[in-house]
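Since the structure comes first, as structure tokens, the remarks are kept for the end.
The values are calculated or read from the model by the stated rules, or taken from the named source; none is laboratory data. Quick caveat: nothing in here was measured; it's all calculated off a predicted structure. Neighbour counts run over all protein chains shown; Cβ positions are idealised from the backbone, glycine included. Heavy atoms of the whole protein, side chains included, go into the accessibility calculation; ligands, DNA and RNA do not. Shrake-Rupley method; radii C 1.70, N 1.55, O 1.52, S 1.80 Å.
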Amino acid sequence: MLWPRAGPPALAPGELAVTFLDVGQGDATLLQRDGVAVLVDTGPPGGPILRRLDEAGVDRLDLLVITHAQADHEGMALAVIAEHRPRLVLDGGAGWPTAVQRAVPAALARAGGRRLAARAGQSLRLGGLRLDVLWPPAPPPGWRPEGDPNGRAVVAHVRAGRFDLLLPADAESDVTAALPLPRVEALKVAHHGSDDPGLPAMLARIAPRVAAVEVGEGNTYGHPTPATMRALGVVPQVVRTDRDGSVRLRVLDGRMTLERGV
């Protein structure tokens, strides 16, 4: 384990960098490999995501995933689209009546990208990365967005060679328990480490070696909760952005290295 190390990663051919970004009380995860850059969520409005992407040496994004229509996940999407011109936006919030969602089509038209509504069964390949959407299912005819968007947040399985990563956004075990979850090397903990009674069973299924909690320092929600941190005690390496800052997980030839405070 190395820490701290700052600045853009100098990646070897085939090396993957997964950076759990410190954006305050919100989610943002950056994947980089062989010149491909994928961002999953953008953090809250006014958050530091543009600075974080600059620190990571990101120019144009190949893919932006908006997991769902909540401000702590999509809050900086329009700024990211304008600055980093994603070629594709995989949008788990499409159809929800937020200001961001209403503005995404025009923002993408200006940036020269396109949007795809996220649905279970989709599989995207970008260089040496594969992203499989496990949730949400396609909505039934006449469906109108309502209720808590967390229940339809994108759950994604990312593969790079023999490395597997689960990104469940804010979808907790009431959603993920019924999904065909793989065994993984790394997990982004759901919903900033909120209480999730099904988390121990899920951890037993997927057996991650690294778990990352993306959470804001001094947040008023009590995240991550003591129960969640106790459950995560079975994971060999647990990091959290409120204490560790942005954390980069580097993967090469089956070997993982954690860098804190990047």
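In region 246-258, the residues that are touching a residue at least 12 places away in the same chain (Cβ under 8 Å) form Cβ pairs under 6 Å with partners that are among the acidic types (Asp, Glu) and assigned to a strand (DSSP E or B), at six or more places apart or across chains, as follows: Arg248/Glu259. Within region 18-43, the set of residues being aliphatic (A, V, I, L, M), outside any strand (DSSP E or B) and within 22 Å of Gly128 (Cα to Cα) comprises Leu21, Ala28. Annotation note: of Leu179, Leu187, the sole residue that is of a type in the set (A, V, I, L, M, F, W, C), closer than 22 Å to Leu31 by Cβ and over 15 Å from the mean Cα position of the chain (by Cα) is Leu179. Annotation: of all residues in region 103-119 being part of a loop (DSSP other than H, G, I, E, B) and in contact (Cβ under 8 Å) with a residue 24 or more places away in the chain, the one that is farthest from the chain's Cα centre (by Cα) is Gly112. Taken over region 169-222, the criterion of being more than 13 Å from Val239 (Cα to Cα), in contact with a Lys or Arg (Cβ under 8 Å, 6 or more places away or on another chain) and assigned to a helix (DSSP H, G or I) is satisfied by Arg205, Ile206. For region 68-81, the tally of residues that are in a helix (DSSP H, G or I) and in contact with a helix residue (DSSP H, G or I) (Cβ under 7 Å, 6 or more places away or on another chain) stands at 6.
Residues that are part of a helix (DSSP H, G or I), surrounded by 21 or more Cβ atoms within 10 Å (Cβ to Cβ), more than 14 Å from the chain's Cα centre (by Cα) and free of Cβ contacts under 8 Å to residues at least 60 places away in the same chain: does region 59-67 have at least one? Show your work before the answer.
Going residue by residue through region 59-67, those that are part of a helix (DSSP H, G or I) are none.
No, region 59-67 has no match at all.
Considering only residues of region 86-102 that are open to solvent by 10 Å² or more (accessible area, probe 1.4 Å) and not in a helix (DSSP H, G or I), which is modelled with the lowest pLDDT? Filtering first and then ranking leaves Gly95.
May I ask you to verify whether Leu30 is closer than 20 Å to Val158 by Cβ, touching a Phe, Trp or Tyr at 6+ places or on another chain (Cβ under 9 Å), modelled with pLDDT of 95 or more and not hydroxyl-bearing (Ser, Thr, Tyr)?
yes
All of Pro45, Pro105 fail the test of being out of contact with any Gly (no Cβ under 6 Å at 6 or more places or on another chain) and open to solvent by 10 Å² or more (accessible area, probe 1.4 Å), apart from Pro105. Restricting region 140-177 to residues that are over 20 Å from Asp72 (Cβ atoms), touching a residue at least 40 places away in the same chain (Cβ under 8 Å) and of a type in the set (Gly, Ala, Ser) leaves a set whose member that is surrounded by the fewest Cβ atoms within 10 Å (Cβ to Cβ) is Gly161.
For region 223-259, residues that are open to solvent by 40 Å² or more (accessible area, probe 1.4 Å) and part of a loop (DSSP other than H, G, I, E, B) total 3. Kindly indicate whether Val262 is closer than 24 Å to Gly151 by Cβ, assigned to a loop (DSSP other than H, G, I, E, B), touching an Asp or Glu at 6+ places or on another chain (Cβ under 9 Å) and not polar (S, T, N, Q). The answer is no for Val262. Checked against (1) over 17 Å from Gly24 (Cα atoms); (2) open to solvent by 50 Å² or more (accessible area, probe 1.4 Å), Arg51 passes all but a single condition, namely (1). Taking the conditions (1) more than 27 Å from Arg209 (Cβ to Cβ); (2) open to solvent by less than 40 Å² (accessible area, probe 1.4 Å); (3) not aliphatic (A, V, I, L, M) in turn, Pro137 satisfies each one other than (2).
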